[in-house]
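Working notes for the structure below.
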Amino acid sequence: LAIAVVCSILNGSHSLARQGQVGQWKNYTDMKSVTAVAFAAQRELAATGGGLFMYDGSSGRYTRYTNSENLSSNDLTAMMADAGNRIWLGSSTGTVDVFSIATNAWQSIQDIAKSNRPQKAIRGFFEKGDSVFVVSDFGVSVFIVSRWEFGDTYADFGFVIRPAVTEVRVLGNQIFVGTSQGVAAASLSSPNLSAPTSWTTYGAGQGLSSPGVTAMTVYHDTLLVGTADGVFFFTGNGFQQLGATAGKSIVAFVSTNDVLAFAWNGGSGFSIESAPQVNAASVLVASNASLQATSLALGAGSSSFLVGTTTLGVAEWDGSQWQSRLPNGPQSNLFGSLCVDPSGVLWVGSGISGNGRGFYRLNLSLPVDNQWKNFTLSQYPVLKSNDYFRASVGADGSVWIGSWGEGVVEVVKDSIRRKLDATSTPSFFTSDPNNPAYPVVGGEAVDPEGASWFVNYIAANGNYLSRLVNDSTLQRYRCTVLACDGHFTAVAIDQNGTKWMANSEPFQKNATGLYYFNESLTVAGTDNTGGWGQMSVSDGLTNNTVLSIAVDADNNVWVGTDLGVTIITDPQNPKAGYMSSFPLREQSIQTIAVDGLNDKWIGTKEGIFVVNSDGTQLLNQYTVINTNGQLVDNDVRAIAIDQRRGIAYIGTQKGLSSLQIAAVQPLQSYTSLRFGPNPFVVPNSQPLTINNLVSNSTVKILAVNGTLVAEFPAQGGGRAFWDGRDRRGNVVQTGIYVVVAFTENGNQVAKGKVAVVRK
């Protein structure tokens, strides 16, 4: 009733739509490479190199799980659905996570991950009664479910050289371990399974023509082993090949009381075959000529199969045709460059020369299954390559994506408008003297007049910098600084119109210092060089390898080098007005982003450092460890900030992380205040968010009779937060409260009303 009453008298207040909580992490990863599949509780599950996804056929919906949704690690290497529909997930780092579909509860087992073994990836699971046998690179560990703890670990199986372990099965009182050198077998009643003498080994001399075990199963009390040379079954003394399987590279088995099937790769595709009994020839069930298989499971029926693939998620055979199962996501886990356009859309350049995956975008305004769009050579032949590495926001809402060797493409309204390369009009010059059609565009930036400038990486004719004139002509500028080699990989422009250029990438370093250009000759020392200047260690630069550049709200130029940051506080006289940031000393500064409070987000090889506006104080630090894996990798290659939503995007070579932050871009003038949630239920672990503030706002909370309840400065630049307490720290009572925001000089004022409900 109280909620109904306070809502009915809001009189035009503006409520803020549901938004992410400050401090909330989310990860985005490529889930096309599947390592294991399972069918449980009427759902299809896929363990991938980017996490877990689950498909519900009744609703047609996907659910994704990464290390921002309870997974210990995204790089999943094994999966099993147990008898209770719990999902066991193993990773390349040795973590084991157990997920209950029924309760949506997670449990984490870290024993193997915390061990001092150099190789400890989880390779498989096998359930037997109250025990789960966990296969890791170094051996087999027995997990006792009722006690929720590990028992014995078996690591020495009697081979001359210790092998990699791949599979395990229990048949009767015998345990069989599949390895890279063959099969080891022992009696579970043996007094000491840790002793190699307790084990009998089977390799090439015992019937396995290819001893490396890739798969293992039990069918009608017979052990079957998959290898690169077909299927073999255990006779009691050795192994014998299953008919018609010689030469087939087996990847997985499925076996029930009624079904024995296996998947094998050949050429560029895979096949599924079945056998009615172990001594009968196998028959073809289905094949796919364009995909490679990694795993196999039964689907909803005896004729339905789920196949994990290396490049396209899950392929489901429904008995008559193939269907693809793959959630919407990025093309790859390579996030080498990021930018956020004026509409809040994130754009990504994949990065590395010769190993690019095209470029992609994330639009959070769209339904979840349409948020990612990928631009690759196979879909857009005009690209002529996938090596697109630099994403930059252009003028009038356009986005430019620079490439290695194919120039640059302009994207407008989610579509490629044009491509400028060595043969277009206008055109860029080649970056390879041995290939006249190989222009590399290292980046784009917009000057104060709204013109786009591009850096042409080591252009053969020395015209490393270009300005787009009238949207149709490139005005070129030859570098006149002595020994200028033009290894320009990024450009930023300050409020004076000076162009600042980086010379390196994390994977392609070049140590020639910082370059800058101002055609108006207003920067000290450039009047005799045609506007060009260079700054090196001898001039005060922290290091000559410049990896990143950003211009902040105070027009200071932040120069990220391989050994820290140089802050140019006087861009008109850079060699006289500069300082360094002590908290960032000796760090490799791979990317710099500026938030709505003018604080700096610094990406390094050791995680993220957040420093205050002048770089003198370390405000926060984020690593894989202190975020419990929610930051996907410490090697941070790119950071971009959605200034409207308050989201920091962090790009790595293992995926994308995002973090909801307090700071948003302030408005130039007040429009109307927006609140969320409204009504605001107190006490509450999450504060009321007050949006649409201008710079340096102060907020007052007033009772309807005008009594001052609370007063505080805006904590997030363009927004503020109220915890629902008064000036004495007491939770306020149910009622309507007036929110008043005003600027430092009092010239601008805005107000609104919020309903508070006390529980």
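Just the residues that are under 17 Å from Arg467 (Cα atoms), open to solvent by less than 20 Å² (accessible area, probe 1.4 Å) and assigned to a strand (DSSP E or B), please, taken from region 406-430.
Gly407, Val408, Val409, Glu410, Leu420, listed by residue number.
Of everything in region 358-378, what is without any contact (Cβ under 8 Å) to a residue 12 or more places away in the chain and open to solvent by less than 70 Å² (accessible area, probe 1.4 Å)? Give them in sequence order.
Quick first cut of region 358-378, residues without any contact (Cβ under 8 Å) to a residue 12 or more places away in the chain only: 366-367, 378.
Scanning region 358-378 gives a single hit, Leu366.
Kindly list the number of the only condition in (1) open to solvent by 30 Å² or more (accessible area, probe 1.4 Å); (2) over 38 Å from the mean Cα position of the chain (by Cα); (3) farther than 17 Å from Tyr670 by Cα that fails for Lys753.
Among (1) open to solvent by 30 Å² or more (accessible area, probe 1.4 Å); (2) over 38 Å from the mean Cα position of the chain (by Cα); (3) farther than 17 Å from Tyr670 by Cα, the lone unmet condition for Lys753 is (3).
Would you confirm whether or not region 460-467 contains a residue that is of a type in the set (A, V, I, L, M, F, W, C), surrounded by 15 or more Cβ atoms within 10 Å (Cβ to Cβ) and either under 28 Å from the mean Cα position of the chain (by Cα) or farther than 26 Å from Asn573 by Cα (or both)? Don't jump to the end; show me each part of the working.
Of the residues in region 460-467, the ones of a type in the set (A, V, I, L, M, F, W, C) are 460, 465.
So of that shortlist, the ones also surrounded by 15 or more Cβ atoms within 10 Å (Cβ to Cβ) come out as 460, 465.
If we keep only those that are either under 28 Å from the mean Cα position of the chain (by Cα) or farther than 26 Å from Asn573 by Cα (or both) too, we end up with 460.
Scanning region 460-467 turns up at least one residue that is of a type in the set (A, V, I, L, M, F, W, C), surrounded by 15 or more Cβ atoms within 10 Å (Cβ to Cβ) and either under 28 Å from the mean Cα position of the chain (by Cα) or farther than 26 Å from Asn573 by Cα (or both).
Just to check your reading of the model, which residue among Thr214, Thr201 is hydroxyl-bearing (Ser, Thr, Tyr), touching a residue at least 12 places away in the same chain (Cβ under 8 Å) and either farther than 17 Å from Ala293 by Cβ or open to solvent by less than 40 Å² (accessible area, probe 1.4 Å) (or both)?
Thr201
What number of residues within region 554-571 satisfy the criterion of being open to solvent by 40 Å² or more (accessible area, probe 1.4 Å) and either in a strand (DSSP E or B) or of a type in the set (A, V, I, L, M, F, W, C) (or both)?
Count: 1.
Hey, among Phe262, Phe239, Phe232, which residue is open to solvent by less than 10 Å² (accessible area, probe 1.4 Å), among the aromatic types (Phe, Trp, Tyr) and either touching a Gly at 6+ places or on another chain (Cβ under 6 Å) or closer than 19 Å to Ala36 by Cβ (or both)?
Criteria check complete, one pass: Phe262.
Farther than 13 Å from Ala755 by Cα, out of contact with any Phe, Trp or Tyr (no Cβ under 6 Å at 6 or more places or on another chain) and touching a residue at least 60 places away in the same chain (Cβ under 8 Å): is that true of Leu673 in this structure?
Yes, satisfied.
Within region 369-405, can you find the residues that are out of contact with any Phe, Trp or Tyr (no Cβ under 8 Å at 6 or more places or on another chain) and assigned to a loop (DSSP other than H, G, I, E, B)?
Gln371, Thr376, Leu377, Ser378, Gln379, Tyr380, Lys384, Asn386, Ser398
From the set of residues in region 623-656 that are in a loop (DSSP other than H, G, I, E, B) and hydroxyl-bearing (Ser, Thr, Tyr), which is most open to solvent (accessible area, probe 1.4 Å)? Walk me through it before giving the result.
Taking region 623-656 as the starting set, the residues that turn out to be in a loop (DSSP other than H, G, I, E, B) are 623-637, 643-646, 653-654.
If we keep only those that are hydroxyl-bearing (Ser, Thr, Tyr) as well, we get 623, 627.
Values: Thr623: 25, Thr627: 8 Å².
In this case the residue turns out to be Thr623.
Among the residues of region 311-338, what is the count of those that are hydrophobic (A, V, I, L, M, F, W, C), in contact (Cβ under 8 Å) with a residue 40 or more places away in the chain and open to solvent by 10 Å² or more (accessible area, probe 1.4 Å)?
Summing the residues that are hydrophobic (A, V, I, L, M, F, W, C), in contact (Cβ under 8 Å) with a residue 40 or more places away in the chain and open to solvent by 10 Å² or more (accessible area, probe 1.4 Å) in region 311-338 gives 5.
Anything in region 715-746 that is assigned to a strand (DSSP E or B) and buried (at least 20 other Cβ atoms within 10 Å of the Cβ)? List them, or say none.
Selection gives Gly717, Ala720, Trp722, Tyr737, Val739, Ala741.
Assuming Pro574 fulfils every condition listed in (1) open to solvent by less than 10 Å² (accessible area, probe 1.4 Å); (2) closer than 30 Å to Gln653 by Cα; (3) in a loop (DSSP other than H, G, I, E, B) apart from one, which condition is it?
It is condition (2) that Pro574 fails.
The values are calculated or read from the model by the stated rules, or taken from the named source; none is laboratory data. Since the structure is predicted, the reported quantities are computational estimates derived from the model, not experimental observations. Cβ sites come from the backbone with ideal geometry, for glycine too, and all protein chains shown count toward neighbours. Accessible surface is based on the protein model in full, side chains and every heavy atom, while ligands, DNA and RNA are left aside. Shrake-Rupley method; radii C 1.70, N 1.55, O 1.52, S 1.80 Å.
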